[in-house]
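Note sheet for the following structure.
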Amino acid sequence: MRRSSFISGIALALLLSFGAVPADSARAADLTLYMRLKTISEKQVLGDVEPDIAAYVQSLVQSQYDDTLALDDISVAARAPGAFQGRCGARGIQASKCADLERQIRRLVEREERVRKLGRDLFLTTGSYEVPLSESLGKFAAVSPPLGSLLTIWESGSDRAVNPDAFVHTTAAPLPDPDGKTEDAYTELKDALDALVEDAGGPKEDLSELAAAVARYRFGYTAVRSEGSCDAAIGGIGELSQLTQRWCALEDELHDVWNHLHASLTARPLPPDSSEVVFFPTWLFKDINVVVWATNRDVGIEWEIPLEPVLPWLMDDREYQTCMEENNDDEAYCSSRFPPVPIPGGALLNPPDPPPFATGVCGMPLGSRGFLCQPIEQHECAIALAPNGSSNATGTGLYLTSCKEPILQTPVRMSFAGPDVCGVGGWRMQTEPASEPDNPGVQTGLLPTQCSNCSVDIYCSSSCPEGGAYTDARDASGRIGICIPETIQGSTAIFQTLILHELVHAQQTCSNPREILTGDLNYCCSSEYQAYLVQCIAFAEDGILQDMQVTHQGKRINVTPELCAATLSTLSCSSLGQCSESPIPPAEMKQAMLEAVERSKSRLNLPVSCADAVNRMDTRSKAILASLPKACTPECRSEFENTIGNNLCFIGQCIEQSWEEERIVPGRMSLNVGDEAFPWDSCIGAEPAANTDLPASSLLMLPTLAFPPLPDYRPWDIANSTDIALCQLLGLPARTPPTLCAAEVSRQLSRPLSDPLDMMINLAASVEDQLDPAVELERMAPNVGTRYATSLYRTQLGALRRAFAEIFDGAAVMLEEISKTSFPEQACSRVDGTCPFLPSAP
Amino acid sequence: MPWRLLLIGMTLTAGLAHAAEWEQPYPKLGSCTKKDTIAFFDPRYAQCMEDTGDEAYCSSLYPVTSLPFDQWATTYHGNINRVVEDFLGQTEEDHLALRRRGSGPVSCTQQSDRASPLIAAIAHTLEPWENGPATFYQSDTAPVLLEYLRVYECSLIERSLSLPIEIWREEDARGRLLPAGLPGNPLFFMNIWVLWAGQSEHIRREMAIARPTLERALSFMGTVHMTRMLERDTECIQRASLDIRNAFALSADTAACMPRIWNAKDPLRNTPACADNLDNDNDGATDLDDTGCDSLTDMTE
């Protein structure tokens, strides 16, 4: 048999195989995406009136007309008016009243169904766009975890210390004992979820309670639990009250799952640190279309495929349900004693309040780093929010993000001999320990090793210079003393990050005179900004920055690491001037910082004294101490995590060390790197043996690191796109509103078809199109939304991908050039001391 | 039998009056053709022909007939359902949510993943891909399914235009299968009316739900496809990053030698003029033989 016929055979067998699916398979097929969508379509187009709506209308009829109708009557009134007249008459109601009832019921049902259909369509539209983007370990794709992995491969330790975009350290863990206790925990959770979609009679058609629970615990149960002790009765009355309801049994089961998973992590050889986010595989309950995501911080539930939104609540039946539970489902008693109460509509509700800070997606570990959850960086604002050259967005509309206010002009530190590669922050592990371990006392014998230009001695004193923490100048032996006072305004908890701050100063002065810290305003500000930035980023990592209560113009502002550093740097340079234009008084910022640190004291187990801080030094401070020795000195060992950034740090420091310490022209060591060893150095011709090719750096194309434009939220544009699509569909130019594009019968009449039957059918179709163009619009809206989302992705990712490609190209060029490095075979012949190009004396 | 002719006439008239039942506010992708309903023919004949090439044999075994009408919807929705599920992928274990398609590592050089084999089977029954390629890719899924939908709608419309005639013909053929001598169905017309009403309702229902259901599924599949491309790109960048990391790690190892190289080169470069074995002043004497050199460390001859 030929290969193609073999494949066709298999395919045809597949085609035919649907004739005889077993019952179990048929049931499983009902749980698929397509079959669920088909069921929704059938319900929307063909089904009976939904039970919720029927009960709501039944209740209104009872209260307004004092007539009792059955639930079936509502469906009949809406779908088969003629039959309703008969039923109504059989109940002894006057014919004229029956006609009025039928008309009112039909209108009411149509309105409510329209709202529900619109809600479901919008949910499907947004759901189809959002569902693949999950922070958990995926449903249809898992994008976030690989991004975290990518970051780990690229980032250096220095980046982590000085990059204000907080690094989210992500790892994955397997489910512990999947067939035993884990399965038990999830089974109990499933029972709690089943209780939301089942009643005494088995599975119920109404998914509203499950939908509300999914919406409530979508971003984890811990935020809901933090609202206070659980009370299922709390929820208020109103159309949106289900959004604030709680399900205590479900919360308990979620908590049990989290406890079980979290306990498994403590058994790891290296338990996760506080900043690490550990993802567990996402669990699936396929029959109820729900998944359970879990991390070491939280557990939550989500739809696998989001098809059912939380719809406006029509009937408050909580007392009725409680009664049913307490009275063995005695419906007659409960419905007479606690009848469900309709929630009246008809009035425009106030718009819902904006979500509180750091809740929902902004409370998730990765989502909180997105542009929706924080003001964007100052240097990115101009690109992001000023497409027409205006720095301020104008007009009305929804703005998804804003610039950090105020726009800061932060100082930039320049060193004497070019950039100090990875000069701040710790990127190495400790391989060259100091001559003796540091202790809280003064240790004059703590001297640098042969691999380092300096050693650091942190000591506690009640009389530090200038009254606060102070970094001494490097003394003749290379020792840099760091004086830490007994308290800072009564706080000792601040010492953990204060030591970090002073160690940055030690890094800055290890190979430089202390004047770079205090020489003038620019030196001071740039040095202090760096030190404070490292400190403020540490605050952000520890959750202290988010807790800082700073107000500006009467409103609490979100303190970013840059704002924190820029404001506080003025504090340290106040004798020389002002470092930034921050409108926050530095003293106020400092006070807020101290208070926030004190509030986190027990949570983070912060130091209780200076000696405690020195003896229990923070790992970030230890990393800086480990990075003080020179990286490339012969017979000195360097060890670091194998990342691209750290490797580049090492290469960069080796090159820098070579230029700063070695003299390419032999035997002529100058005082400073840039100095000439002899007056005629500058007139010496090109080194004949040197590689005459252009240096590799000139071949590099610097990556375009411009921030990609932030996506605009422009519903008007989307509506226009839809209009254009609709008008194109009907062969007309774009018009708004799209009803203007309704098909015109005259167009059909002017172009008659040859077949009269086709002509008649087309005319009928034209009339229908004209009658309800909104149906066309509604049908197409999801596709327009999808295309819009695709375009958004392309815009966003295109720029990033280009930058990545350029970085790869640059790396390839550098690596290729390194392999081409050639060393001269003969010694330089400039030893005769003559200078052929010595300029003649004037 | 004039009464029978009268009934036929009434049936045809009612059929024409009912002909517009398929009208729905959905656009048609193209005109319906007579070949459209071939998608709902019994595929076993085509398979038999492909396998054996013996028309007489295949015609006798699998007469070229369309599938029974009551199987159309099952076949159509079943096929679409299977394609969508193949597209989304299966969960590796029942309790884990992550769906995976295919096996083995992601390809960073291939444009798109292969589509479900069912897509090829469906496509080969449709006119645009009748002689199409054997392999279809994920990006072909939406066009094939949309064409399949159009053909399905066309088939329904075509049947609805002559529904009573089709039912009559089918029932008549079914009646011929009765053993000889037995009388035909005494309620023949009653049966036709019942079938007509049922099938008419069925066609109306299918025309109402088929397109919105597929379009919603395609919207969903579109975003999943887009995100999977993103996921694949990310994984490929990750692999490239590991290569770059290893290359830079080797470079870092090499860079560790730089100070040592300079240290080694410095003494070489410092060779004094009186120790370089050269006649630097062209006076015919070299190094210590030159009168200008008192020792090997002298820098001038």
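Here are the numbers for this structure:
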read-out	value
Built amide H within the under 5 Å cut-off of residue A:316, gap 5+	A:341, A:343
Full-extension gain in nm, residue A:194 to residue A:350, via 0.36 nm per residue minus C-alpha separation	52.8 nm
R0 of 41 Å, Cβ-Cβ distance residue A:99-residue B:139: FRET efficiency to nearest 0.05	0.15
Neighbour cut-off at most 15 other Cβ (10 Å), DSSP loop, GluC sites (Glu not before Pro), region A:469-551	A:486
Label-point gap, in nm, between residue A:71 and residue B:288 - each point 7 angstrom along Cα→Cβ	11.7
Rounded FRET efficiency, nearest 0.05, which uses the C-beta distance separating residue B:108 from residue B:130 and R0 of 41 Å	0.75
Cβ-derived FRET efficiency at R0 35 Å, residue A:259 paired with residue A:641, nearest 0.05	0.65
Flagged links, alpha-carbon separation over 19 Å, of A:43/A:286; A:43/A:117; A:43/A:204; A:204/A:286; A:38/A:286	A:43/A:286
From phi via Karplus (6.51, -1.76, 1.60), per-residue ³J(HN,Hα) for region B:199-213 in Hz, x at Gly/Pro	5, 4, 5, 5, 5, 4, 5, 5, 5, 7, 10, 4, 6, x, 5
Under 5 Å, built H, 5+ apart or other chain: amide partners of residue A:171	A:277, A:278, A:279
Amide H contacts of residue B:137 (H built 1.01 Å from N, under 5 Å, at least 5 apart or other chain)	B:115
Label-zone membership for region A:102-122, site residue A:60, 7 angstrom Cα→C-beta point, backbone N under 13 Å	A:102-116
Segments A:182-188, A:360-366 sorted - mean Cβ within 10 Å per residue, highest first	A:360-366, A:182-188
HN-Hα J in Hz across region B:67-77 - Karplus 6.51, -1.76, 1.60, θ = phi - 60°, x for Gly and Pro	4, x, 4, 5, 9, 4, 4, 4, 5, 4, 5
J(HN,Hα) series, region A:111-121, from Karplus relation 6.51 cos²θ - 1.76 cosθ + 1.60, nearest Hz, glycine and proline x	5, 5, 5, 5, 4, 5, 5, 4, x, 5, 5
Burial ranking of peptide ranges A:450-457, A:94-101, A:637-644 (average Cβ count within 10 Å, highest at the top)	A:450-457, A:637-644, A:94-101
For residues of B:83-96, the mean tally of beta carbons on other chains within 10 Å	4
Normalised contact order of region A:436-494, rounded percent, pairs of Cα under 8 Å and 6 or more residues apart	31
Projected label distance in nm at residue A:813 and residue A:328, using a 7 Å step from Cα toward the beta-carbon	8.5
Average silhouette area of region A:29-130, convex hull of alpha-carbon atoms, in square nanometres	7.4
Most to least packed among A:459-467, A:266-274, A:47-55 [average Cβ atoms within 10 Å]	A:47-55, A:459-467, A:266-274
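Rule-based calculations on the coordinates, nothing more; no lab input. Since this is a predicted model, take the numbers as computed values, not measurements. Every residue, glycine among them, receives a Cβ derived from its backbone with ideal geometry; neighbour counts consider all protein chains shown.
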